[in-house]
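J.: First, the structure itself, so that you have it in front of you.
The values are calculated or read from the model by the stated rules, or taken from the named source; none is laboratory data. Since the structure is predicted, the reported quantities are computational estimates derived from the model, not experimental observations. Because the Cβ atoms are built from the backbone with ideal geometry, glycine has one as well, and the counts that use them run over all protein chains shown. We work out accessible area using only protein heavy atoms, side chains counted, and drop any ligands, DNA or RNA first. Shrake-Rupley method; radii C 1.70, N 1.55, O 1.52, S 1.80 Å.
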Amino acid sequence: MVATLDDTKRLMIGERLADLKAFQSLILSNDQKLIDACPYDDVRERLQNMLEDDRKNLGIVETVIVQYGIQTEPSPATRIFIENFEKMMEGDQFTYYQKLIHHELMKHGQAMSGINIHKAAQKVGADIEVAIAPLNTVNFEGRAHQEQLKGMLEQVGVREMTGMDADQGIWARVQDAVAALSGVAGSVITQNTDKQDMNIQTLIRLDHNKVNTIFTEIGATKDPQKLQEYFGQLYKDILVHAKAEEEVVYPRIRSFYGDENTQELYDEQAEWRPMLEEIKSIDPASADQFRSKIKDLMEHLGDHIRQEESTMFAAIDKNCSTEEKEQMATEFKAVKTRVQQEMSSM
């Protein structure tokens, strides 16, 4: 049988994602403190724009954690750092310029953490890369913010020492760098929008893509350890996804998608649970038997996914407003988070 549904490498990445969320919350809080204390109108305006970006970035990090599928707490070291950093920034021993320097350093550390999570995902599994893909946006935004902060530091530093503005040469080069970074970031998922959340179809499709990627990974290996790792993630992802759809999506669509069609979706998901438990009871060392049962599961899920992404998605588009689809997505993530936490405590 599958010895454990947890994998040390995946748990470590989960902890780093929790660290990332904690630091993003700290950055957001510090943005506001810097705005409140800022003596310069032009710098305050740029920090306000940064604050709006960081609010959206926090939402993206939260979405990535839900899609990744492992809910955990930040590391003890991160909790200690955040407590000390908050005390330091609230004191009056640093000038505004020095506080801005520490903010820029934290932005740099956040960007590097996001890049390292991506590098780790490349070594552990393609399904992780799929789950954390939206993190690219946060990484690029962080890099762009660093360049803007360099320009702010130049102005604030010179003003504190001389009472005069710095020449604009370096500031102009900073703006060019931001424009270049924005061009690169244009190829990834962007958060430069007034949308409050992704819509429900986007979130469901992200789940489907991740599950399909795990099926591909399972099909490409006979290594029992890898099979165990991939199935452990598959098992949790499918059950969490099904629970969220059954609590949020299916009750909402029944009135316009029809009783028969909606009940079919419920019934199909009920069929997966005993299939998952049967696979869980098989030793991955029996690779051929294990993969055969996975293939049966994949065929059942394939039909379900095709129905959802064609007729169900079209019905949602026809009958739900943008706000309703975003609200469903928010509720969908909340249920997934709750169920993931319940599963991690079992």
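J.: State all residues of segment 297-335 that are open to solvent by 70 Å² or more (accessible area, probe 1.4 Å) and outside any helix (DSSP H, G or I); if no residue qualifies, say none.
T.: none
J.: If you don't mind, there's one more thing I want to ask. Pick from 138, 156: which is open to solvent by less than 50 Å² (accessible area, probe 1.4 Å), within 26 Å of the chain's Cα centre (by Cα), at negative phi and of a type in the set (A, V, I, L, M)?
T.: Being open to solvent by less than 50 Å² (accessible area, probe 1.4 Å), within 26 Å of the chain's Cα centre (by Cα), at negative phi and of a type in the set (A, V, I, L, M) holds for just one of 138, 156, which is 138.
J.: Follow-up question, since we're still on this one. What about residue 130, is it at pLDDT below 90, among the β-branched types (Val, Ile, Thr) and more than 16 Å from residue 58 (Cβ to Cβ)?
T.: yes
J.: Scanning segment 107-117 for residues that are surrounded by 16 or more Cβ atoms within 10 Å (Cβ to Cβ) and of a type outside the set (Ser, Thr, Tyr), which turns out farthest from the chain's Cα centre (by Cα)?
T.: Restricting to residues being surrounded by 16 or more Cβ atoms within 10 Å (Cβ to Cβ) and of a type outside the set (Ser, Thr, Tyr), the top hit is 107.
J.: Across segment 49-84, what is the number of residues that are under 13 Å from the mean Cα position of the chain (by Cα) and among the basic types (Lys, Arg)?
T.: Total satisfying the criteria: 1.
J.: Moving on to the next point. Residues to consider are 25, 29; find the one that is within 27 Å of residue 210 (Cα to Cα) and open to solvent by 20 Å² or more (accessible area, probe 1.4 Å).
T.: Result: 25 is the single residue among 25, 29 that is within 27 Å of residue 210 (Cα to Cα) and open to solvent by 20 Å² or more (accessible area, probe 1.4 Å).
J.: Among the residues that make up segment 92-110, is at least one of them acidic (Asp, Glu), under 30 Å from residue 210 (Cβ atoms), at pLDDT 90 or above and touching a helix residue (DSSP H, G or I) at 6+ places or on another chain (Cβ under 6 Å)?
T.: no
J.: Tally up the residues in segment 218-229 that are open to solvent by 20 Å² or more (accessible area, probe 1.4 Å) and touching a helix residue (DSSP H, G or I) at 6+ places or on another chain (Cβ under 6 Å), please.
T.: Of the residues in segment 218-229, 1 are open to solvent by 20 Å² or more (accessible area, probe 1.4 Å) and touching a helix residue (DSSP H, G or I) at 6+ places or on another chain (Cβ under 6 Å).
J.: If we keep just the residues of segment 58-73 that are within 21 Å of residue 327 (Cβ to Cβ) and not aliphatic (A, V, I, L, M), which is surrounded by the most Cβ atoms within 10 Å (Cβ to Cβ)?
T.: In this case the residue turns out to be 63.
J.: A follow-up question, please. If you check residue 82 against the conditions, is it in contact with a Phe, Trp or Tyr (Cβ under 8 Å, 6 or more places away or on another chain), β-branched (Val, Ile, Thr) and open to solvent by less than 10 Å² (accessible area, probe 1.4 Å)?
T.: No: the conditions fail for residue 82.
J.: Suppose we keep only residues that are polar (S, T, N, Q) and within 16 Å of the chain's Cα centre (by Cα) within segment 317-340. Which one would you say is nearest to residue 59 (Cα to Cα)?
T.: Here the residue is 330.
J.: Restrict the check to segment 163-174 and report whether at least one residue is modelled with pLDDT of 85 or more and touching a helix residue (DSSP H, G or I) at 6+ places or on another chain (Cβ under 6 Å).
T.: Within segment 163-174 (the criterion being modelled with pLDDT of 85 or more and touching a helix residue (DSSP H, G or I) at 6+ places or on another chain (Cβ under 6 Å)), the answer is no, since none of the residues qualifies.
J.: List the pairs whose first member sits in segment 273-290 and is among the hydroxyl-bearing types (Ser, Thr, Tyr) and exposed (fewer than 14 other Cβ atoms within 10 Å of the Cβ), whose second member is modelled with pLDDT under 95 and in a helix (DSSP H, G or I), and whose Cβ atoms are under 8 Å apart, counting only residues at least 6 apart or on separate chains?
T.: none
J.: Regarding residue 48, is this residue out of contact with any Cys (no Cβ under 9 Å at 6 or more places or on another chain) and surrounded by fewer than 16 Cβ atoms within 10 Å (Cβ to Cβ)?
T.: Taking the combined requirement at face value, the residue satisfies it.
J.: All but one of (1) open to solvent by 10 Å² or more (accessible area, probe 1.4 Å); (2) within 16 Å of residue 332 (Cβ to Cβ); (3) among the charged types (D, E, K, R); (4) touching a residue at least 24 places away in the same chain (Cβ under 8 Å) hold for residue 245; state the number of the condition that does not hold.
T.: All conditions pass for residue 245, except number (1).
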